[in-house]
1. Classify the stretch 158-272 as rounded, prolate or oblate, taking a ≥ b ≥ c as the square roots of the eigenvalues of its Cα gyration tensor: rounded when a/c is under 1.5, otherwise prolate if a/b is larger than b/c and oblate if not.
2. Shape call for the stretch 32-167 from the C-alpha gyration tensor, a ≥ b ≥ c root eigenvalues: rounded (a/c under 1.5), prolate (a/b greater than b/c) or oblate?
3. Enumerate the calculated ³J(HN,Hα) couplings along the stretch 183-191 in order (Karplus 6.51 cos²θ - 1.76 cosθ + 1.60, θ = phi - 60°), each rounded to whole Hz, writing x wherever the residue is Gly or Pro.
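Values quoted throughout were computed directly from the atomic coordinates according to the rules given, and no laboratory measurement underlies them. Please read all numbers here as calculations on a predicted model, not as lab measurements.
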Amino acid sequence: MKKTFVILLMAASVAYATRIKDIAYIKGVNHYQVIGYGLVVGLNGTGDSQMSILTQQSVASMMKRFGITLDQSQIRMRNVAAVMVVASIPPFSAKGASIDVTVSSMGDATSLQGGALLLTDLVGQDGRVYATAQGPISVGGYNFQAAGSMIQNNFTTTGRIPNGALVQRTPPVQFDNNGDISIILSQEDFTTADRVAEVINKSVGSPVAYAIDGGRIDVNVPKAFQPQNKIVQFISQIEMLQVVPDVVARVVINERTGTVVIGQNVTILPVAISHGNLNIEVQAYPVISQPAPFSQGQTYATEAATLQANQDTSSVVAINGAATVQDIANALNSLKVRPEDIIAIFQALKAAGALKAQLVIM
């Protein structure tokens, strides 16, 4: 039975402020993504099959590096799987730092549970090696098959290796102290960008920050903080400033899981809602027709049917405009409907123009 959930994000009358570092980042200071191809060994018969030529070629090439020559056509193994390894290196990571990696099967392996990744080079967009990964894989699930039956929990063809990669080269960071920096909002919004610039200017005491667009704020670094040993202090002060971000009114619906998330600032205009279900049931039963005694008649068998229709108890509920999420929750609870029905109600409210929010259906 599918479970459904309704999440109502309660709106408070007082707006909450957050740090700038939680809603924005400095331009040029980003994670650096790397990727590599490797082999996972030690699988209990759940690796790639003989049909995976890529795995056979990889095993033959690897063993050749150790001075062992194998005939590729004679390789028979189910304990090895070809995988892709991806990772994200944080900015300013020095050589020797450890990072997490994600390992995903690219052949026909059924599970990576119990396997270990062999030494794998992780390269960046420029083709240079930035990290090397190796270690046992944590899958977080299981997949057992026997006699045609299977029991599975989560996906076992993808796993992680915590701290499984060592950084070999500091990734490129486009952070130059040329007298100005740019702050990039994680979610573009003109109102939020203007508020960030206003907060920075009040903190510095002079107009040094300018909102260029809805996602970028340029800041002229004061001369006292332009030396290399002072720029970090200035950025730290900016990151800790409190700002009240503006939130777009939005209702997010996931029809596959029945999840409904109602955000802050969502309002509903005065509207009347009626919701009910009509159930129709048809039952058939045999009817035997027999002739009178000694009448020399024949017995006939026929069928009769009964039709029953009923409608669930439903009433028209008037909503005199919901100003907060709590009002919306109370109005929906008064209908006494299930989360699946709430999804249909929100879609109807949007079509009627009564829902003053963005309706996002996933």
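1. oblate
2. oblate
3. Those phi angles translate into 9, 10, 6, 5, 10, 5, 6, 5, 5 Hz.
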